[in-house]
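In what follows, a structure is listed as structure tokens, so that the remarks can point back to it.
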Number of protein chains: 4
Amino acid sequence: MFDDSLRGALKKFVEERNWGQFHSPENLAKSISVEAAELLECYQWGGEAPTDRVAGELADVLTYCLLLADRLGLDPEEIVMEKLEVTRQKYPVERARDRSAKYDEL
Amino acid sequence: MFDDSLRGALKKFVEERNWGQFHSPENLAKSISVEAAELLECYQWGGEAPTDRVAGELADVLTYCLLLADRLGLDPEEIVMEKLEVTRQKYPVERARDRSAKYDEL
Amino acid sequence: MFDDSLRGALKKFVEERNWGQFHSPENLAKSISVEAAELLECYQWGGEAPTDRVAGELADVLTYCLLLADRLGLDPEEIVMEKLEVTRQKYPVERARDRSAKYDEL
Amino acid sequence: MFDDSLRGALKKFVEERNWGQFHSPENLAKSISVEAAELLECYQWGGEAPTDRVAGELADVLTYCLLLADRLGLDPEEIVMEKLEVTRQKYPVERARDRSAKYDEL
């Protein structure tokens, strides 16, 4: 999913600080939830938020997602594609169109 | 960040179901938190979790992150790179090395 | 669940600031997730955290839970008791003892 | 905060299943985030949700909050009252009235 320059930059950033020791999959999963909530906080009281603030929080969520994928040897683009296939099955166009209901309520 | 095939596949998936109407930035931010918690649930009681389960949940978080980036006209790779630069400033190697403390406690 | 002094104090706090206008059930649900993540952040990198810091974050989660219950006309103690009954059925002692598995995996 | 019958019922429920072994503060904090997100999911696509569904999810959040308070020897009602005092200072009526801004932006 990422070109090597980004993956390399993240890898270098972590190695320089020797932070790999803190990046267990469990700690990274917690970090993704923590950052996702900071993103959600942009919309805590309504639907409007400054894009630059949202961009910064979204970047934090993505960063930890990439670190977790890396840690587990997963290719981000590949797993998104694979999951999309699963979701496609669960939400057939004819039944899911114009509906936000969960697959088991369609 | 994503090659066009993935962005195109996501775009097509949403358009076929006409789900853009549900994908306000606020709803996507909520969705990212919801999926991040399903990822966290893999590690609710301990540090071990089956990689394929984690991969599926991580894919859901990434998918909504990509949809939000797309919705706001943000380039995922670009915002991650930009935020990395900010974080680099906040966590200088000499002070942050081997420490998980927050920048304001370093 | 709460003696009237606490419920009254919360009610007065919100009314004095005229914050009821922001406290839709949806916004309160978002707020509970935001505060839950600040609580989680205490344990982001490990199992130890200063109790006074945890107490403050836990208090924030509880406060929004009480405001949401109040908003929906629910009695916190009552719904906890009712849910406990449901959970008791889903996790029979003989099968759930010493296991953290989800009911559908017991 | 809770009358003894509720605290006793929760204590008995956990002891019968010998689940105290899983209830480290960290695991309970993760559980609160997981349940908070299931509550948020009720409002994932909009502001309306069936009250009985919300009640069940809110009960789960409260239950784990009570277990964490118990585990740390904290009195739920007391910490909520103490935090309310702190928040009162940070959000003086004259500046906070009718505003959802964070204290540092008031």
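So here's what we get for this one:
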| item | result |
| --- | --- |
| Test set (1) in contact with a Ser or Thr (Cβ under 7 Å, 6 or more places away or on another chain); (2) under 19 Å from A:Lys102 (Cα atoms) - B:Gln44 fails condition number | (2) |
| Single residue of the stretch C:27-55 satisfying the filter (facing another protein chain (nearest Cβ under 7 Å) and farther than 19 Å from A:Ser33 by Cα) that is surrounded by the fewest Cβ atoms within 10 Å (Cβ to Cβ) | C:Thr51 |
| Members of the stretch A:9-26 found to be out of contact with any helix residue (DSSP H, G or I) (no Cβ under 6 Å at 6 or more places or on another chain) and open to solvent by 40 Å² or more (accessible area, probe 1.4 Å), listed by number | A:Lys11, A:Lys12, A:Glu15, A:Asn18, A:Gln21 |
| Qualifying residue in the stretch C:40-57 (condition: of a type in the set (S, T, N, Q) and out of contact with any helix residue (DSSP H, G or I) (no Cβ under 7 Å at 6 or more places or on another chain)) | yes |
| Residue in the stretch C:57-69 that is over 20 Å from D:Ala55 (Cβ atoms), surrounded by 13 or more Cβ atoms within 10 Å (Cβ to Cβ) and touching a Gly at 6+ places or on another chain (Cβ under 9 Å) present | no |
| Any hit, the stretch D:32-54, residues being out of contact with any Gly (no Cβ under 6 Å at 6 or more places or on another chain), farther than 30 Å from A:Cys42 by Cβ and not in a loop (DSSP other than H, G, I, E, B) | yes |
| Qualifying residue in the stretch D:79-97 (condition: open to solvent by 70 Å² or more (accessible area, probe 1.4 Å) and either assigned by TED's automatic domain parsing to the domain that holds D:Gly8 or among the hydroxyl-bearing types (Ser, Thr, Tyr) (or both)) | no |
| C:Leu6 being open to solvent by less than 10 Å² (accessible area, probe 1.4 Å) and modelled with pLDDT under 95 | yes |
| Residue in the stretch B:61-76 that is in a helix (DSSP H, G or I), free of Cβ contacts under 8 Å to residues at least 24 places away in the same chain and of a type in the set (Asp, Glu) present | no |
| Top-ranked residue in the stretch B:9-26 [being more than 7 Å from chain A (Cβ to nearest Cβ) and without any contact (Cβ under 8 Å) to a residue 12 or more places away in the chain; ranked as nearest to B:Leu68 (Cα to Cα)] | B:Gly20 |
| Single match in D:Val93, D:Val54 (criterion: at pLDDT 95 or above and within 21 Å of the chain's Cα centre (by Cα)) | D:Val54 |
| Within the stretch A:1-29, considering residues that are in contact with a Lys or Arg (Cβ under 7 Å, 6 or more places away or on another chain) and part of a helix (DSSP H, G or I), the one farthest from B:Lys30 (Cα to Cα) | A:Arg17 |
| Check on A:Glu57, in a helix (DSSP H, G or I), of a type outside the set (A, V, I, L, M) and closer than 30 Å to B:Asp98 by Cα | yes |
| Looking only at the stretch D:57-90, and only at residues there that are of a type in the set (Val, Ile, Thr) and facing chain C (nearest Cβ under 7 Å), the one that is nearest to the chain's Cα centre (by Cα) | D:Val61 |
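The values are calculated or read from the model by the stated rules, or taken from the named source; none is laboratory data. If you're wondering where the values come from, they're calculated on a predicted model, not measured in any experiment. Backbone-built Cβ (ideal geometry, glycine too); neighbour counts: all protein chains shown. Surface areas here come from the heavy atoms of the whole protein model, side chains and all, with no ligands, DNA or RNA. Shrake-Rupley method; radii C 1.70, N 1.55, O 1.52, S 1.80 Å.
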